Amino acid sequence: MSEAGHSDKVAESISILLPVKNAEATLPMAIRSCLAQSLPDFELVLVDHGSTDQSFSIMKKYARRDSRITVMKAPSGCGFIPALNFLWRESQGTLLARMDADDFSYTGRIQQQVRYLREHPEAAACATRVRIRRRVDGKVTDPEQGYAAYEDWLNSLDSPEAIARERFIDSPIANPSMMIRRATLERFEGYHDRPWAEDYDLWLRLLGGGEQVGKVDQLLLDWFDSENRTTRTDDRYSQTNFLRAKAHYVARLPIAAEQGLSICGAGPIGKRLARFLLDEGAQVHAFYEVSEKRIGKKIHGIEVLDGNLSFANAIGTTLIGAVGVPGGRDQIRQLANEAGFTEGGDFFCVA
């Protein structure tokens, strides 16, 4: 495709990557939403990885109807992450858009993401705003309270700076809304098989490597939650393993390795985070706490200091805010700002 002026046609080619396993109930909706894109010139690559239902037959049926569809099976015995790497490596596009078999892409999604990456050549990837929906027994409802709060937070990250700054709170990108440059994915060697979520691992590697990840400030994907969704059934997506991922990449921040860390919050999150950080070889100098019953105690042999008035004594370390109490994160941000810390520089919130 050739670029002409400000038209939506660009030199890049586009692949939509859709892994499939036992998704016969939702796959037709996902495929149709991709085929209905307002920017029609792309390939839709469907890879089955171990389905035992009618998913592969559905894939082949749609491929017979539309030449843009390529259908493949992952190598026998291939797990999910090897299947993902097989999927993108077998595709042809220079821009790779992810999609899941139980989600819905709005008509303008691909067009807007291509436009964003064309207008922001410094960006390695981009996501979109999403709407989280709950699917129970075939009925679609509003999300549970926790997912609703996550949706609000996720959609509030409307700039590369916000995405990078808050990346240790939770995954800052809805995976099926992502579009990434192939050259970037190749440089970072695709998805890695870690004890935690492969998509979150990729975002943390990109952002830790100095890459910019942006977001189209439009609602362009419905992201469905259900009881059999991988995020609910696979231990890689557990809160414990998400916290392990955060500790792994916090410990590898150059400034943290150089200065060591101080943790604001001696509650359950702070204690577990410190344990994982120590396991990663990080140096934790102190805890700061506003609860009087915790001040003066020791955790993992590390003193808990009074954080009620100021974090000034933590200057010269990398400050980590690790609280789960409502309003606690804002309180820590205020105290950190007053002490001269910069969020996203020498101060990060972790949840």
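The values are calculated or read from the model by the stated rules, or taken from the named source; none is laboratory data. Bear in mind the structure is a predicted one, so any value in this text is a computation, not a measurement. Here the Cβ is made from the backbone with ideal geometry for all residues, glycine too, and neighbour counts use every protein chain on show. The accessibility values were calculated without ligands, DNA or RNA, using every heavy atom of the protein model including side chains. Shrake-Rupley method; radii C 1.70, N 1.55, O 1.52, S 1.80 Å.
Worth a mention:
- Accessible surface of region 213-317, 1.4 Å probe, proportion on carbon and sulfur as whole %: 46
- FRET E, pair ASN313, GLU119, Förster distance 35 Å, beta-carbon r, rounded to 0.05: 0.20
- Within-11-Å neighbourhood charge of LYS60 [Cβ basis; K, R +1; D, E -1]: +3
- Here the accessible area is traced with a 1.4 Å probe on the protein chains. For region 37-179, carbon and sulfur cover 47 percent of it.
- The C-alpha atoms of the chain define a longest principal axis, and helix 109-119 lies at about 60 degrees to it.
- Pairs of lysines in the chain (C-alpha under 24 Å apart; 8 or more residues apart or interchain): 13
- Each residue of region 299-311 is assigned a 3J(HN,Hα), and the resulting list reads 10, 6, x, 9, 6, 9, 9, 6, x, 5, 9, 6, 9 Hz, derived from the Karplus form 6.51 cos²θ - 1.76 cosθ + 1.60 (θ = phi - 60°), x at Gly and Pro.
- 1.4 Å probe accessible area per residue over the chain, in Å²: 44
- Across region 317-325, computed HN-Hα scalar couplings (Karplus, 6.51 cos²θ - 1.76 cosθ + 1.60, θ = phi - 60°) run 10, 8, 8, 10, x, 10, 9, x, 6 Hz from first to last residue, x flagging Gly and Pro.
- Here region 267-329 is treated as a Stokes sphere of Kirkwood radius computed over C-alpha pairs; at 4 °C and 1.567 mPa s its diffusion coefficient rounds to 106 µm²/s.
- 3J(HN,Hα) along region 272-277, derived from phi through the Karplus expression 6.51 cos²θ - 1.76 cosθ + 1.60 where θ = phi - 60°, amounts to 5, 4, 4, 4, 5, 5 Hz, with x in place of Gly and Pro.
- Whole-number D in µm²/s for the chain (Stokes-Einstein; Kirkwood sum over Cα pairs; 20 °C, 1.002 mPa s): 100
- Nearest-0.05 FRET efficiency for LYS61 and VAL136, computed from C-beta distance (R0 30 Å): 0.65
- Spatial separation of Cα centroids for region 273-351 and region 58-103, in angstrom: 44
- In this structure the amide hydrogen of CYS264, modeled in the peptide plane, comes within under 5 Å of the amide hydrogens of TYR288, ILE320, GLY321, ALA322, none closer than 5 places in sequence on its chain.
- Local electrostatic count at ARG165 - Lys and Arg +1, Asp and Glu -1, tallied over other residues with Cβ under 15 Å: -3
- 14 Å beta-carbon shell around LEU253, net charge (K/R +1, D/E -1): +1
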